[in-house]
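Enquirer: Sharing a structure here in structure tokens format.
The values are calculated or read from the model by the stated rules, or taken from the named source; none is laboratory data. None of the values given here were measured: they were computed from a predicted structure. All Cβ positions, even for glycine, are placed from backbone atoms using ideal geometry, and neighbour counts span all protein chains on display.
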2 protein chains.
Amino acid sequence: MEPRVARVVTQLRRGTLEYCVLAVLRHEQRYAFDLVQDLGRTGLVTSEGTIYPLLSRLRRDGLVESTWEESPSGPPRRYYQLTADGRAALTAFVQEWTTFRSSVDAVLPDLEDRG
Amino acid sequence: MEPRVARVVTQLRRGTLEYCVLAVLRHEQRYAFDLVQDLGRTGLVTSEGTIYPLLSRLRRDGLVESTWEESPSGPPRRYYQLTADGRAALTAFVQEWTTFRSSVDAVLPDLEDRG
DNA sequence: TGGTGCTACCTTGTGACGCATGGAACCCCG
DNA sequence: CGGGGTTCCATGCGTCACAAGGTAGCACCA
């Protein structure tokens, strides 16, 4: 068991995850269960326990809105759409992320470096 | 006061900070107060309240070692050096960071995009 | 009818960690 | 002796990813 290594990515996800969700929503509405599987494929989301509280926060802060729709098979789905505030927040985040990423890259050694 | 925007970067720093410290230490030993001012310049560290617990963790996990040295002005300084484990952890992190960064970049819109 | 399994929603509790705050000690200068 | 810079540290808070667990609808099969 290597708790340190195992949780590095978990820590990295902090803060970026909600904006990744906003980014996905910028083109089309999605529902939570769908998002888990989609973003899970890229390794960004791991479980529903992450996405539901996250979406609640985004709703609370007015960055997304939701509408209920019937499912062809199963319980009804709550679809999320980006609001104008959400779109603005996403734009602002991309700026911050870019700056932050550059700072980190400037400090870290390149992959091909050996020391 | 804009709590959400203000704390975005705080969340981003999570997980990366300790490895940025390791990265700085890979070339020369440093002491905490010095690190705060250095990494503070690039916006990665904001206060001593961050760096001291962080260094304690790194020491506890054997990623760094420390030696006391006299200061020309003030109390003695605790200088930190990278251990072999620390160097390995840094290498592993760079790999994880690179992967993660790519995943995020793939989801986020480019800066020049307008949608 | 009852069982199994998938979909889809949600809540609660835990742990990690950045940061604010505050304290202590050392030093120099006036 | 007092003030300010340096340098160490500990305590408590808030945020958030995640695990674990709970409910309900639908489908299929025996």
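Enquirer: Would you point out the residue of the range A:38-61, among those that are of a type in the set (S, T, Y) and more than 9 Å from DNA strand D (Cβ to nearest atom), that is surrounded by the most Cβ atoms within 10 Å (Cβ to Cβ)?
Expert: Of the range A:38-61, the ones of a type in the set (S, T, Y) are A:42, A:46-47, A:50, A:52, A:56.
From the residues that got through so far, the ones that are more than 9 Å from DNA strand D (Cβ to nearest atom) too are A:42, A:56.
Details: A:T42: 15, A:S56: 12.
Per the criteria, the residue is A:T42.
Enquirer: Check every one of the helices (runs of 4 or more DSSP H) wholly within the range A:6-115 and list those with 1 or more residues that are among the polar types (S, T, N, Q) and facing another protein chain (nearest Cβ under 7 Å).
Expert: Working: elements: A:8-13, A:17-25, A:32-41, A:48-60, A:84-107.
Where helices (runs of 4 or more DSSP H) fall fully within the range A:6-115 and carry at least 1 residues being among the polar types (S, T, N, Q) and facing another protein chain (nearest Cβ under 7 Å), they are A:8-13, A:84-107.
Enquirer: Just to be sure before I move on: is A:V64 surrounded by 15 or more Cβ atoms within 10 Å (Cβ to Cβ) and closer than 30 Å to B:L82 by Cα in the structure I sent?
Expert: On the way: surrounded by 15 or more Cβ atoms within 10 Å (Cβ to Cβ): yes; closer than 30 Å to B:L82 by Cα: no.
No; evaluated as a whole, the condition is false for this residue.
Enquirer: Are there any pairs, at least 6 apart or on different chains, whose C-beta atoms fall under 9 Å, with the first in the range B:48-70 and without any contact (Cβ under 8 Å) to a residue 60 or more places away in the chain and the second of a type in the set (A, V, I, L, M) and in a loop (DSSP other than H, G, I, E, B), and if so, which?
Expert: B:I51/B:V45; B:L54/B:V45; B:R57/B:L63
Enquirer: Out of A:E69, A:E96, A:E112, which single residue is at pLDDT 95 or above, more than 18 Å from B:V107 (Cβ to Cβ) and surrounded by fewer than 19 Cβ atoms within 10 Å (Cβ to Cβ)?
Expert: Values: A:E96 fails: more than 18 Å from B:V107 (Cβ to Cβ); A:E112 fails: at pLDDT 95 or above.
Exactly one of A:E69, A:E96, A:E112 is at pLDDT 95 or above, more than 18 Å from B:V107 (Cβ to Cβ) and surrounded by fewer than 19 Cβ atoms within 10 Å (Cβ to Cβ), namely A:E69.
Enquirer: Give me the residue from the range B:70-103 that is among the small types (G, A, S) and within 16 Å of the chain's Cα centre (by Cα) and, out of that set, farthest from DNA strand C (Cβ to nearest atom). Spell out how you get there, then give the answer.
Expert: Taking the range B:70-103 and keeping what is among the small types (G, A, S), we get B:71, B:73-74, B:84, B:86, B:88-89, B:92, B:102-103.
Right, trim to within 16 Å of the chain's Cα centre (by Cα) and you get B:86, B:88-89, B:92.
Numbers: B:G86: 15, B:A88: 17, B:A89: 12, B:A92: 14 Å.
Applying the filter and picking the extreme gives B:A88.
Enquirer: Let me ask something else about it. Looking at B:V64, B:V94 in this structure, which one is hydrophobic (A, V, I, L, M, F, W, C) and more than 12 Å from DNA strand D (Cβ to nearest atom)? Don't jump to the end; show me each part of the working.
Expert: Working: B:V64 fails: more than 12 Å from DNA strand D (Cβ to nearest atom).
Exactly one of B:V64, B:V94 is hydrophobic (A, V, I, L, M, F, W, C) and more than 12 Å from DNA strand D (Cβ to nearest atom), namely B:V94.
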